[in-house]
1. In debye, nearest 20: dipole of region A:7-387 around its Cα centre with unit charges on the Cβ of K, R (+) and D, E (-)?
2. Taking amide hydrogens as modeled 1.01 Å from N in the peptide plane, which residues meet the under 5 Å criterion relative to A:C37, leaving out close sequence neighbours?
3. Using a Förster radius of 51 Å, what is the FRET efficiency between A:Q200 and B:S233 based on their Cβ-Cβ separation? Nearest 0.05, please.
4. How long are the three semi-axes of the equivalent ellipsoid for the protein assembly as shown, computed from the Cα gyration tensor as the root of 5 times each eigenvalue, in whole Å, largest first?
5. Taking R0 as 22 Å, what's the FRET efficiency between A:L39 and B:E90 from their Cβ-Cβ distance, rounded to 0.05?
6. What distance in nm separates the simple spin-label points at B:R199 and A:R212, each placed 7 Å from Cα in the Cβ direction?
7. Amide H of B:I236: which non-local residues (sequence gap of 5 or more, or other chain) have their own amide H closer than 5 Å, using H built in the peptide plane?
8. What is the dipole size for region B:2-195, taken about its Cα centre, with +1 at each Lys and Arg Cβ and -1 at each Asp and Glu Cβ, in debye to the nearest 20?
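No lab work stands behind these numbers, since they all come straight from the coordinates. Bear in mind the structure is a predicted one, so any value in this text is a computation, not a measurement. Virtual Cβ from ideal backbone geometry, glycine too; neighbours counted across all protein chains shown.
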Amino acid sequence: MSAAFPVTAYAAINALGTTTRDVVARLHDGLTGLGSCPLELPFETPTGALPEPPPALPPSLAAWDSRTARLAVAGLEEILPALARAIARHGADRVAMVVGTTTSGLGRTEDAYHELKRTGALPQDYELHLQHSFGAMMEALRRVTGVRGPRFAVSTACSASAKAVGSAQRLLATGSADAVLVGGVDALSQTTLRGFHSLQILSPVFCRPLSRERRGINIGEGAAYLLLEREGDAATRLLGVGESSDAHHMSAPDPTGEGARTAMAAALAQAGVSPDAVDYINAHSPGTRLNDLSEGLAITALFGGRVPVASTKGYTGHLLGAGGATEAVFSIVAIEQGWIPRSVGAEPVDVDLGLNVPTARLDTPCRNVLSNSFAFGGNNVALLFGRSN
Amino acid sequence: MQARVLGMGLWMPGFPDPASWLSGRPVEGADAPNAQSKQRRRSSLLVNMVADVAAQASAQAGVPLSRLRVVVGSAFGELTTLMEMLEERERDGLLSPLRFQNSVHNSAAGQLSIANKNKTPAMSLAAGNDTVAMVLLEALTLLALGGDEVLAVVADEPLPQSIRPGHVTGAVSAALVLAADGASGDAARPALAVLEDLRQAQAAFGSVERPQEVDGPCAAILPLIAALAQGRSGRIDVSPKEDPRWTILVRDARLVRDARGPEGASA
């Protein structure tokens, strides 16, 4: 498959801001969005919470309400006009929607179970099949967007929305859709935070990806979307998607980095782009030593130590199912605006990784940018974006 | 898009394979999926169901699980593990790390990959009532763009009664090994059927069979399993309840081959 698909619109909201403009401005200025955690927890860890809570859903969508659904709908706002144009152009049946998430309505189920244990009764408005299931968030999105083509949620943990981009590319390449709204959404939740705490990888301080002083990860929340079309004018195109499995361990990366290398090489091969032509790699690097060692080996094996490598997890926290799509937006911005963000928190850089990690913003043209997402289950995805000719 | 069905598997409580379900007689003792004993003890029902039906389909197709690309669909994911985590939180506030890492929706896909040293991509998705249809769509697009066979699996655990009172939904799981038309595979094993023309339609079709035994999104695959097992052709409904629903055309594999003219494959 050699088809390159134009990114005709994009949007992202997260700890950096509630509009794409604010998010990109803070990234440009190298300012983190991390702060104290708004959830009550029996341990300390900063999080990347939205600067203000996402607005409530309109009454017509109340049955599907959850913090994840609110984030999903709030994040759509900026991209809705472009989506409406795509629907008008292609027809609603020819527009698909693929969204990565790990939580969906998990927060609602947490609250409902807590209430059940406390009072012996579930909250009146709680319906498992409406709020909790992964399809429920998609139903809220369908009602807001009017999309009538294929619709599904991808849930491969922290690679979910990068994996969703792969599905979107296939829907376009096979002619199953003429446009795909692809994205990722995840909200902070008790289960996620307590779960990562149990794995002893949450950092008690702001996370420091790629730094030798790293102490683990911070969790964030957000939503991000790309509109991909079979044809159209756009400054940036999706050139390639590479996917692989480690077949190694549920929650630890293969220390050799083989799976990560395979995914990156597959993205390059699909696009017919050589490693030398990649100007920036947006690393997965959430802030754990194991990931940095594995990803570092994979990158140096394929690219050497020349290409700038930055992690944006120090700005937003680890956005889990929203991470791949959010960092796709950051990669597209690097191409369209000609700058690579400083890898915030990386100083002093872990020099043993052998990577070129920018600790100050690099104002430089970027033609091709690669973005990595790795996940539980040994699930690896690399996305390659490039400037349209 | 078109795919040959090389193998299939099914597990529901009492029905350890497609034949037993079609016979309508529950098999005594078939109260848990047939997974390797070490895995079975440590893993959730969802993981074990996926492992069981995947092994059935892989064996019938003659394609090893070590090289099948995998697409798993589950409307609700690891529900039992989630309930255990919610209870842990109520009890002492802290979660078991093993339980948490196995609570992700792609736990079954990941554990299948690890158990079979399979380094090909593994997908895990959910789409409510369209879960079966979207698994088929993802598998068909993967095949259409090249590469080897794809294992398409759907599975859901029973909904927990504590948070979904009054709705009894049984466990259901099924798998298909799909190959692109003309792709390699075990040449000695003829395809069960050819699937093609997955699309949304307003009206129900004559061949639609509603599964009575179980409810829930993934039970929507049962009419397709029945048609494949009985060698019937026709358009089959693969999403329950709502219009427009997703349907797929099942064709006799021999007729599809015979129908191929000098221009190549039929539509």
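1. 340
2. The answer is A:T45, A:T47.
3. 0.35
4. 37, 28, 24
5. 0.90
6. 6.3
7. Correct list: B:I248, B:L249, B:V250.
8. So the dipole magnitude of region B:2-195 works out to roughly 460 debye.
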